[in-house]
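Student: The structure that follows is given in the form of structure tokens.
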Amino acid sequence: MPSGSAVIRYDGKRGIVWRIKYADAAGQQVMETVGAERDGVTRKQAEAELRERLVRVERKAYRRPKPLRFQEYAATWLEESQRKRQWKPRSVLSFKTAVRHLTSYFGPHPLGSIRPRDVAAYARDASERFAPKTIQLHLNVLHDVFKTALREELVDANPVAGAERPKVPPRRWRILEPAEVGRMLKAFTDEQARTIFLTLVLTGVRRFELQALRWRDVDLIEGVLRVRESKSEEGVRSIALSPALAEALWQRRRSTVYQGDDELVFCHPTRGSKIDHEWFAGELRNALKASKVDGHVRPFHDLRHTAITNDAAAGSSELAVMAKAGHRSMSTTKTYLHLAGVVFRDEAAALERRLLATPVELSTDLT
């Protein structure tokens, strides 16, 4: 073992702490804390850590990184990741919010001093303020920050690697049945809201995809709706328009003053600006009440799930459902399918025809 390298036992007020000492490739003396015995760290583990550091010094010319605070590195990570990965605006907003919360907790701490117990403490503290899904997002972002720092040899380990994540309760989706869709269509009092509803349940487009639709994206001659702005490459797709939806969109274009190819299909009636999703949510609630359809229906998520589920129930192939939904894989599409209440009568009859050469006559004699 090189001169000056050693495992040091430190007896502190809270018990025994193991440290290692060695010289990096630049000859600078480095002292690192491996951990405390109360956390299960032993001399044997400290010796293994020291050997690993010495190998890195010899083979990779490892040098002790300059002290770097979490808030400085997180800001750099956010800026560079946004540029390299070309996140969508929604993702940028989500990650910026997560980094802001993480910085308020870890900000002044040196990047290399953050341990798994600190991550666990953050998760406990966050559970009092955020939903489990939000905490999972924060931990995922924190994991990515340290994954990048580890690749750049700024830290020795990723403290989020083994973090316990809160369990996200299963979400209940309100899937509209065909009869309910028909009743609601008649209940809308605003024609634009009615056409939006019809577009959502027949195409399954996402909210921001619907809000970004322009008339150049709607080919009423060929009967095709083209989604050009989406969250992924698979989301950029063409969707066939049914006759009813094509007619509704044709009437929508005739009635609006914003008919140019670059104008929004669904927009504010006097300003032509992007449609307000809260306005549509209010119109949807009124239609639910007027049509006496029970249950709470979320304006965009539930209607997207309704479209995909009923598309599959109508007999569309897996590939067609996946492509129409704009998903990368069928496993993702399956999370949108809720077929427990669907009765497949045609399939039952087809199975009988296949298995039974002669249809079985059911006796009506109850005796």
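Student: Please enumerate the residues belonging to the stretch 252-266 that are closer than 27 Å to Ala323 by Cα and outside any loop (DSSP other than H, G, I, E, B).
Tutor: Result: Arg252, Arg253, Leu264.
Student: Against the definition (of a type in the set (D, E, K, R) and over 21 Å from Ala323 (Cα atoms)), how does Arg171 come out, yes or no?
Tutor: yes
Student: Which count do you get for residues in the stretch 53-71 that are surrounded by 13 or more Cβ atoms within 10 Å (Cβ to Cβ) and either charged (D, E, K, R) or not in a loop (DSSP other than H, G, I, E, B) (or both)?
Tutor: 9
Student: Do we find that Ala149 is assigned to a helix (DSSP H, G or I), in contact (Cβ under 8 Å) with a residue 60 or more places away in the chain, surrounded by 13 or more Cβ atoms within 10 Å (Cβ to Cβ) and under 24 Å from the mean Cα position of the chain (by Cα) in this structure?
Tutor: Yes; evaluated as a whole, the condition is true for this residue.
Student: Then there's this: Hey, which of the helices (runs of 4 or more DSSP H) in the stretch 269-329, taking only ones fully inside, have at least 2 residues that are within 17 Å of Arg172 (Cα to Cα) and of a type outside the set (D, E, K, R)?
Tutor: Hits in the stretch 269-329: 301-313.
Student: Hey, could you check the stretch 237-267 for residues that are under 29 Å from the mean Cα position of the chain (by Cα) and in contact (Cβ under 8 Å) with a residue 60 or more places away in the chain and say which is nearest to Ile196 (Cα to Cα)?
Tutor: Among those residues, the one meeting the criterion is Phe266.
Student: Would you check if there is a residue in the stretch 112-131 being within 30 Å of Glu233 (Cβ to Cβ), surrounded by 17 or more Cβ atoms within 10 Å (Cβ to Cβ) and not small (Gly, Ala, Ser)?
Tutor: No: zero hits.
Student: Tally up the residues in the stretch 72-95 that are buried (at least 16 other Cβ atoms within 10 Å of the Cβ) and in contact (Cβ under 8 Å) with a residue 40 or more places away in the chain, please.
Tutor: Qualifying residue count for the region: 5.
Student: How about the stretch 238-248: which of its residues are assigned to a helix (DSSP H, G or I) and crowded, with 17+ Cβ neighbours inside 10 Å?
Tutor: Answer for the stretch 238-248, where residues must be assigned to a helix (DSSP H, G or I) and crowded, with 17+ Cβ neighbours inside 10 Å: Leu245, Ala246, Ala248.
Student: Yes or no: the stretch 166-174 includes at least one residue that is touching a Leu at 6+ places or on another chain (Cβ under 8 Å), surrounded by 12 or more Cβ atoms within 10 Å (Cβ to Cβ) and either touching a residue at least 12 places away in the same chain (Cβ under 8 Å) or among the polar types (S, T, N, Q) (or both).
Tutor: no
Student: Scan the stretch 131-172 for residues that are within 19 Å of Arg69 (Cβ to Cβ) and of a type in the set (Gly, Ala, Ser) and jot them down.
Tutor: Matches in the stretch 131-172: Ala149, Ala157.
Student: Among Gly204, Gly235, which is the only one that is within 20 Å of Thr306 (Cα to Cα) and buried (at least 20 other Cβ atoms within 10 Å of the Cβ)?
Tutor: Checking each option against the conditions leaves just Gly204.
Read-outs throughout are calculated quantities, based only on the coordinates presented, and are distinct from any laboratory measurement. What you see is a predicted model; the values in this text were computed from it and never measured. Methodologically, a virtual Cβ is constructed for each residue, glycine included, from the backbone with ideal geometry; neighbour enumeration extends over all protein chains shown.
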